[in-house]
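**Q** Following this message is one structure expressed as structure tokens.
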Amino acid sequence: MTTPDRFPADPHDELRDCRNAIEVVDRRIVALLAQRVALALRAAGAKRAAGLSLVDRAREAEVIDRVAAEARGHDLPVDAVERVFESIIDMSRRAQEDRR
């Protein structure tokens, strides 16, 4: 892929390159989500063994605070990143609950 300040002669080529790169990133994101859910399932097992609740609102708030700080560091909209991670946390929680 070209750098942002050097575009190929044909903007259609650049668009195709960008879309292809986005598809690669999307596949990586899905793989990372699968990895995160697998780790959440391991954590659920540890919580059960320790007699703890599956839902830990304080920990969820820590995660949201941490990713909000990361978003700021990458100049991303904090509210949008928070919503994404709220969905990710919800997906992880549902996976934990489904495995009861």
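Just so it is clear, none of the values below were taken in a lab; they were calculated from the coordinates. Please read all numbers here as calculations on a predicted model, not as lab measurements. Ideal geometry is used to build each Cβ from the backbone, glycine not excepted, and the neighbour counts take in all protein chains shown.
**Q** To the nearest 10 degrees, how steep is helix 57-73 against the longest Cα principal axis of the chain, on a 0 to 90 scale?
**A** Computed tilt is about 20 degrees.
**Q** At what distance in nm do the modelled label points of GLU82 and ARG57 sit from each other, each positioned 7 Å from its Cα along Cα→Cβ?
**A** 1.6 nm
**Q** Quick check on the range 11-98: what does the Kirkwood estimate of hydrodynamic radius come out to from the alpha carbon pairs, in Å?
**A** Computed over the range 11-98, the radius equals 15.0 Å.
**Q** For every other residue with a beta carbon closer than 12 angstrom to the beta carbon of ALA69, add +1 if it is Lys or Arg and -1 if Asp or Glu, then tell me the sum.
**A** Result for the neighbourhood of ALA69: -2.
**Q** Still on this structure, I have one more. Within 10 Å, count the other beta carbons around each residue, average over each peptide in 38-45, 70-77, and list them highest first.
**A** Put in order of decreasing packing, that is 38-45, 70-77.
**Q** Each label point is 7 Å from the Cα along the Cα-to-Cβ direction; what then is the distance between the points at ILE29 and GLU14, in nm?
**A** With each label point 7 Å from Cα toward Cβ, the separation is 2.3 nm.
**Q** Any idea what the dipole of the chain comes to, in debye rounded to 20, about its Cα centre with Lys/Arg Cβ at +1 and Asp/Glu Cβ at -1?
**A** Result for the chain is approximately 820 debye, rounded to the nearest 20.
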